[in-house]
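Each remark here refers to the structure printed beneath this line.
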Amino acid sequence: MIKSYNYVYVVKWEVFKIAINYNKLWKLLIDKNMKKKDLMNLCKISTSTLAKMGKDKQVSMEVIIPICKSLECNVGDILDIIPNENS
């Protein structure tokens with residue numbers, strides 16, 4: 001699968017391109033017998049935010065933290081940050 005690196009970060013004059021993957025979140029929902037709609041209601045997430053996550057787009061920590069609290073997990077349990085090998 002080809003991964004697009006949509007996010008560019010500059011740290012101390014170095015450029016890093018990354019991709020975000022939420023597959024761990026979707027698996028965790030399955031394991032907890034929850035649907036995306038249940039997550040939306042539990043964490044007060046909008047449909048547009050959930051759609052962004054479904055497309056592996058970046059969302060704010062204001063979204064990630066309530067998900068982690070509600071599912072009793074850490075950030076690394078719901079997403080992966082995939083660095084571009086060429087950056």
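Key figures
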{"item": "Local net charge near D77, Cβ-Cβ under 14 Å (Lys/Arg +1, Asp/Glu -1)", "result": "+1"}
{"item": "The stretch 40-87: trypsin sites (Lys or Arg not before Pro) in DSSP loop, at most 15 other beta carbons within 10 Å", "result": "K44, K55, K57"}
{"item": "Phi-based couplings in Hz for the stretch 60-71 (Karplus 6.51, -1.76, 1.60; Gly and Pro marked x)", "result": "6, 5, 5, 9, 5, 4, x, 5, 4, 5, 5, 8"}
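No lab work stands behind these numbers, since they all come straight from the coordinates. Keep in mind the model is a prediction, meaning the values are calculated, not measured. Every residue, glycine as well, gets a Cβ built from its backbone with ideal geometry; the counts of neighbours run over all protein chains shown.
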